[in-house]
Number of protein chains: 2
Amino acid sequence: MERPLILVTNDDGFDAPGIRFLADTVAKHGDVIVVAPGEAMSGMGHAITIKTPLRFHQIHPNGNYEIYRTNGTPVDSVKLAMHKILPRKPDILVSGVNHGSNASVNIIYSGTMAAVFEGAMAGIPSVGFSITDYDHAADLKITKPFIHEIVNFVLNQGLPNGISLNVNFPATDKGDYKGMKICRQALAYWKEEFEERYDPHNQPYFWMRGSFVNHDEELDTDEWALKNGYVSVVPVQFDFTAFRFM
Amino acid sequence: MERPLILVTNDDGFDAPGIRFLADTVAKHGDVIVVAPGEAMSGMGHAITIKTPLRFHQIHPNGNYEIYRTNGTPVDSVKLAMHKILPRKPDILVSGVNHGSNASVNIIYSGTMAAVFEGAMAGIPSVGFSITDYDHAADLKITKPFIHEIVNFVLNQGLPNGISLNVNFPATDKGDYKGMKICRQALAYWKEEFEERYDPHNQPYFWMRGSFVNHDEELDTDEWALKNGYVSVVPVQFDFTAFRFM
């Protein structure tokens, strides 16, 4: 039987520790090809590049799998992978492991999850992995059994058409995880602040900062699961229709 | 009674005909302030700017309302407007009129609709307007009565918390519109092609193109409504949870 073909991407860039860890981990399940942005693209949402041309380059191989970096966004990278790089449609797309949470409303800003939606739109079972820890030096090995279990499940069972998984891990300093929980997206938001500075020409400019505000403390939310030591798994789709209000 | 405060934004840039038309139209309903990207930001999705500082500048006033251009994305522009430009929380946010469809799956790539979701997340009733016509010279006056009706409705009745409207108009050459239809988002997708070229150094580069593919021909979809001469109105939300698959 042919080994599964696994497309690995992210939004932190092809050389982030998280994507190396994810590619190394899923290599057990099939043939891995990494196609990811050349530099960090956090906060790019579902951006695509239409005003400038796209390029991709193969990185000197490390022996285990091919790595390509692109000059595009995560979504561009998935499109390039499918149409110009991969030998065939992949059996699964995995994105991450993102250095930082994509739980709750973070998903809407997330390039990691945009790549996942892009995969799902192309009919590829797709899963995003993120850890609620911005430290690139965090030891991710605690996440490994969960990644194996989820990838194994998706390769064997598939996912319903249009449905993807948004998987978030609690920070590694939280000790052993208690297990996985199927959740809904918590209805939180970011409260922005703008730090005003002046440039050498005395013109104002602003750095955007934000703090996460969550009043949705229900037990079925991803935020609750993460806060309580569980790996959160949210089945997600890209249909924005608010059916209840039609 | 205080006049409503109306925030107008878009993703085609502050000087696109569509936003001028929208601002002029909604000025009948309240005090308008335009805050929009300095250049076209189509395809930016929900991108935010975190690696470079943000700036905004007031454009020489035209007498009717204030116009600010930002160096950010549509979402950045909404955040700057709310925290640094507007005197108070606006009563409504309107985005557009976008030159090009944001029906069906286009919504996920859309900066116009990202601005709308950003408004909704901040608790502002928000509506996106788009026309399925990329011609910037298209005469938009046929859309005017529908914009008045919707803005009037939203200012008087509000919208449920977290719910926004994605309004799309058929192209103007379709003659008189038959009316408005409340729809769901059609489950279509874009099929990409990459046009390969070679630069003067003989290195390949790729231009992304796409064609829209829709197999979802049900009568309750936005694509059906638009094809049949109706203005499509889809109530949308930013909760990606696929509740049916939990």
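The values are calculated or read from the model by the stated rules, or taken from the named source; none is laboratory data. Only a predicted model underlies this, so the values are computations on that prediction, with no experimental measurement involved. Methodologically, a virtual Cβ is constructed for each residue, glycine included, from the backbone with ideal geometry; neighbour enumeration extends over all protein chains shown. To get the accessible areas, we keep the full protein, side chains included, count just its heavy atoms, and leave off ligands, DNA and RNA. Shrake-Rupley method; radii C 1.70, N 1.55, O 1.52, S 1.80 Å.
Numbers for the structure displayed
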| item | result |
| --- | --- |
| Selection within the range B:150-175 - within 13 Å of chain A (Cβ to nearest Cβ) and open to solvent by 30 Å² or more (accessible area, probe 1.4 Å) | B:157, B:159, B:160, B:161 |
| Residues that are in contact (Cβ under 8 Å) with a residue 60 or more places away in the chain, under 14 Å from residue B:181 (Cα atoms) and open to solvent by 20 Å² or more (accessible area, probe 1.4 Å), drawn from the range B:226-246 | B:230 |
| Test: residue in the range B:96-108 that is out of contact with any Pro (no Cβ under 8 Å at 6 or more places or on another chain) and of a type in the set (Ser, Thr, Tyr) | yes |
| Qualifying residues in the range A:176-198 (those that are open to solvent by 30 Å² or more (accessible area, probe 1.4 Å) and assigned to a loop (DSSP other than H, G, I, E, B)) - the one nearest to the other protein chains (Cβ to nearest Cβ) | A:187 |
| Identity of the residue in the range A:95-109, aliphatic (A, V, I, L, M) and either open to solvent by less than 10 Å² (accessible area, probe 1.4 Å) or not in a helix (DSSP H, G or I) (or both), that ends up nearest to residue A:128 (Cα to Cα) | A:97 |
| Lone qualifier among B:59, B:85 - being among the aliphatic types (A, V, I, L, M) and either over 20 Å from residue B:120 (Cβ atoms) or open to solvent by 40 Å² or more (accessible area, probe 1.4 Å) (or both) | B:59 |
| Residue in the range A:200-207 that is open to solvent by less than 30 Å² (accessible area, probe 1.4 Å), of a type in the set (A, V, I, L, M, F, W, C) and part of a strand (DSSP E or B) present | yes |
| Residue list for the range A:120-149, restricted to those being within 14 Å of another protein chain (Cβ to nearest Cβ) and of a type in the set (Val, Ile, Thr) | A:124, A:127 |
| Residue in the range B:114-129 that is over 22 Å from residue B:88 (Cβ atoms), modelled with pLDDT under 95 and part of a helix (DSSP H, G or I) present | yes |
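Conditions tested, residue by residue: (1) farther than 20 Å from residue A:144 by Cβ; (2) modelled with pLDDT of 95 or more; (3) touching a helix residue (DSSP H, G or I) at 6+ places or on another chain (Cβ under 8 Å); (4) of a type in the set (D, E, K, R).
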site: A:9; (1), (2), (3), (4): no, yes, yes, no
site: A:18; (1), (2), (3), (4): no, yes, yes, no
site: A:24; (1), (2), (3), (4): no, yes, no, yes
site: A:43; (1), (2), (3), (4): yes, no, yes, no
site: A:51; (1), (2), (3), (4): yes, no, no, yes
site: A:61; (1), (2), (3), (4): yes, no, no, no
site: A:69; (1), (2), (3), (4): yes, yes, no, yes
site: A:88; (1), (2), (3), (4): yes, yes, no, yes
